[in-house]
Every structure is written in structure tokens, then in C-alpha cells.
1. Just checking, how many residues over the range A:72-91 are among the hydroxyl-bearing types (Ser, Thr, Tyr) and part of a helix (DSSP H, G or I)?
2. Residues to consider are A:Leu202, A:Leu185; find the one that is at the interface with another protein chain (Cβ under 8 Å from one of its Cβ atoms), at pLDDT 95 or above and either surrounded by fewer than 20 Cβ atoms within 10 Å (Cβ to Cβ) or on the phi < 0 side of the Ramachandran plot (or both).
3. Could you please find all residues in the range B:88-126 being part of a helix (DSSP H, G or I) and basic (Lys, Arg)?
4. For the range A:128-150, how many residues meet the condition of being free of Cβ contacts under 8 Å to residues at least 24 places away in the same chain and more than 9 Å from chain B (Cβ to nearest Cβ)?
5. Taking A:Val231 as meeting all but one of (1) within 14 Å of another protein chain (Cβ to nearest Cβ); (2) without any contact (Cβ under 8 Å) to a residue 24 or more places away in the chain, write down the number of the exception.
6. When you go through (1) polar (S, T, N, Q); (2) loosely packed, with under 15 Cβ neighbours inside 10 Å; (3) more than 14 Å from chain A (Cβ to nearest Cβ) one by one for B:Thr84, which number turns out not to apply?
7. Could you look through the range A:41-71, keep only residues that are assigned to a loop (DSSP other than H, G, I, E, B), touching a strand residue (DSSP E or B) at 6+ places or on another chain (Cβ under 7 Å) and farther than 12 Å from A:Asn225 by Cα, and pick out the one that is farthest from the other protein chains (Cβ to nearest Cβ)?
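The values are calculated or read from the model by the stated rules, or taken from the named source; none is laboratory data. Values in this document were obtained by computation on a predicted structure and should not be read as measured data. Virtual Cβ from ideal backbone geometry, glycine too; neighbours counted across all protein chains shown.
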Amino acid sequence: MERRTFLQLLLGASLYRPALAQDLKLPLKEKSVRFAIIGDNGTGEKPQYEVADQMVRFREKFPFEFVVMLGDNIYGGDSPNDYKRKFEDPYKRLLDAGVKFYAALGNHDGPNQRFYKPFNMDGKRYYSYKRGNAAFFALDSNYMDPEQVGWVKKELSGSDAQWKICYFHHPLYSDSKAHGSDTDLRKVLEPIFKEYGVKIVLSGHEHTYERLKPQQGIWYFVLGNSGQLRVHNLKKSPRTEVGFDTDRGFGLAEIAGGEFYFQIVSRTGQTVDSGMYPLASFEKAKAAGSGAQ
Amino acid sequence: MTRLLALAAFALRVMAAQPDQAALNEFQSHLSAYVKLHEKAKSGLPTLKPTPSPESITEHERALAHRIREAREREHVLEGNIFTPKVAAEFKRLIAETMKGSEGVSIKQSLASGEPVQLGQIRVNQPYPKGVPVQNTPPTLLLNLPKLPQGYSYRVVNGSLLILYDSEANLVVDVLPNAIPQ
């Protein structure tokens, strides 16, 4: 091989590396709460495995402790083989490393998934747990009956966590063309979130990624592209902060005291969004309000 | 005279808004009978607790559904076993009332943003088909329907059909056609 060709190859390799370099944007602060986010993941197809591989790579630099699942955990039935192909196999290395998964039910999920121990739902459709100064509330948006609404109010009002994070499948705000916002669900949940200081809301259902500008003082993320994808399905609106609809991906989040850091990573390892919300900004956003439809 | 007419119209509106308690009692009575049958069928099975074994979950679901179906077949349970004509009429009225005005707009919007499910024919005592998504049931609609015990839900399919669903057994308990006004 000629010296020049060799140098070109070397240069090419060095230029290629940054795309795969798992460029971490999170600060890795001491005693922070670290987790990953996936939604609409359970297809059992190659892209889901590729996203899972990327999660493993990022975990080497950002050792997240658990994963929140935004629903559609297992598509197309829930036979034992489905659980294996669409959950146990793709996330094997994370499961083996002791990473816990906390699932919410999507519209493609059988309700008895709540009994599947690795989903940590303890047989319940909706439940909560705490990590550090953050409390997580996994809800069942397929069936938001008055009993669940009462539970949400009680749990949120009784929580003294600095960060209250709710997650469920159907988005209250969405600019994707496939489904859009669930305004009836919003009408019921958003006043409760507002009253009891929910800061972050995570949803899936749309097979895209969208981060919205604060709505009623709450930061909304829609991430439903960890297995599924609807290319060019996002029709950004003035309330869209950042959107991504050309590949699959997952989220990483770090809560350090009064700061919430996030990074959204594509299937190929590129960072498509990142940032930080300080707690103080929520108060400012709440005061400013925003009534987008 | 105008006052009298206004008063009569108001009285009619109040009467229309009042639930038919006899129909709702009938619904509760049929539902309680089903819940009892479900519990009896379950009593011979190991309790389903969180398990790492998907086989245990699917086996529990299958065995419970089988027992319930057998018991109901012995009793010749047919469509309309819970949504009797009287109950069906009251449910349709409650739903129609709820869907008037702005509530109806957000309910329809919520149904559209969920994932409308087309299933063809739905039969009582049959499992909800595996792999078929669930249409979310809008919260405002649920707010105006009789409450169900844990493990049971109302599901909307084929746009206008309401089914009563037993999630632990994955069974269609009863079907109410033309429940959702189009």
C-alpha cells in the first residue's frame, strides 16, 4: 500500500470516528441519578438491537442505573418467545449488568405484562418509585379511569421529591402526523401535574422524537423511536423545541441536585439533542405559562 | 305561559341528565355475578404474582380463560349478558350525553389520536386477539360510566363498539354495539 493511500485511510478513519465516538454531553456528577429512556421499542427487529447496542456503548461512559420504558414494550403478541426476542435478547447485556427496567404500558402491550418481573411493575398498571431526589410515576394512559386519576393526585401530593417525573404512553402534546396530542388526557392530567409540581413528562406512541417548549411550566419529551420509526412524520410547530424523525434513538438523563441534564442519541450514536433544565427555570416557565393546543 | 314552558323544558333536561338507577343496579348485579364466577374459576389456580417467567403469565391467562369460558358456556351466556337491553339503553344514553358539546370533541380527538382498532367480529367469551393494539378509552368518557372493579375495563373497538374486558383472563365479557355515536 502506498504511503499516501495509507495516510488517507488513516485520516478517513480518524474522521469517521467522531460519529461513533459516543460523545457524552452529560456531566457525570457525583451522586447524580442516572437513567436511560426508551419508547416503542419492542419490535424484535434489527434496529431495536442496534439501539440497544448503542445503549450498552454509552453505558460504558455513562453508567445509568435504570431504564424507563414509555410503552409498546412488546409488539405483536406476548408469547414467551416475544418476551425473549423483543426484550430479553436485545437488552441482555444491560440486564446482565444489573440495569433495571421500569415499564409503562402502551397500546400494543398486553395488560398482564404488569406481572413480568423484569418490568418492575409489581403487578400494577401504574406505580411509583424514588431515586435520590427524584420521584418517578409510571402511568397507564390506555385507561385513565377515575381511580387512577385519584391515585395520581394522592401520590403527587404526598411526594416531597424535588423532581417529579411522570411517564406514560400517549403524549399530551405532539406534532407528529400519525397521532397528535391527546387533548382529553391532557385536560385531565395537566392541571394535576401543574398543581403538584411535576417538572418532566415523558411519553412515546409517536415513532419520532420531539422536545417541546414548556407547556404550562412543564417540559414534555416524546420519544417513541427506540424500535419503531416513522420517517419524516414530525411536522414541527412553534411549540416544538427540537425534533428528530429520520432514525431511531434513545434518551439519557442525569439529575444532579437542581439540574436535569438530558441527551438524545440516535441508533448510530449521534447526539440529536442535549441540554439542561435548572429547577429555577420551571418556576419561570410556570409563571410565563403557555397554552398551546 | 312562557315561564311555564321554560320550567317544563328545564325539568325535562334535569330528568334526561338523571341516570336510570334501575338500569345501573341491573348492570352492577350482572357484573358482580361475573366477578364472582371469575373469582371461583381462579380459586383453583396458583395465584399470579410477578414472575420472570412469561410462560407462567401466559399459562395463567390461558387456564383462567378456559375455566371461565367453560363455566359461562354451561350457563349458556350470550351477548347481552351484562349489557341487557335496559342496561344498553342507559349506557348509550350516558355516552351520548357525555359526547355532547366540547367533551365530545376532545373524546373523539382522543380516540383518533389513540390508535383506532378494527377487529371484525368480536364475540363474547373469546380472547381479545393477541397482537392487536388497544384503543385507549378517553378519561372523560370513563368519568361518566359506572366504575369497574380492578382488572376490568371498557374498551372501544371498530369505532363504535364498547366491550367489557377482563384483563387477567384476556376475555371479552360482553359487547355493546353502536355505543359510541359517530
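1. Number of matching residues: 1.
2. Of A:Leu202, A:Leu185, the one residue that is at the interface with another protein chain (Cβ under 8 Å from one of its Cβ atoms), at pLDDT 95 or above and either surrounded by fewer than 20 Cβ atoms within 10 Å (Cβ to Cβ) or on the phi < 0 side of the Ramachandran plot (or both) is A:Leu185.
3. Taking the range B:88-126 as the starting set, the residues that turn out to be part of a helix (DSSP H, G or I) are B:88-98, B:101-114.
Selection gives B:Lys92, B:Arg93, B:Lys108.
4. 1
5. A:Val231 satisfies all of (1) within 14 Å of another protein chain (Cβ to nearest Cβ); (2) without any contact (Cβ under 8 Å) to a residue 24 or more places away in the chain except (1).
6. (2)
7. Applying the filter and picking the extreme gives A:Phe62.
Yes or no, residue by residue, for (1) out of contact with any helix residue (DSSP H, G or I) (no Cβ under 6 Å at 6 or more places or on another chain); (2) within 12 Å of chain A (Cβ to nearest Cβ):
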position	(1), (2)
B:Ser110	no, yes
B:Pro133	yes, yes
B:Pro138	no, yes
B:Leu142	yes, yes
B:Leu164	yes, no
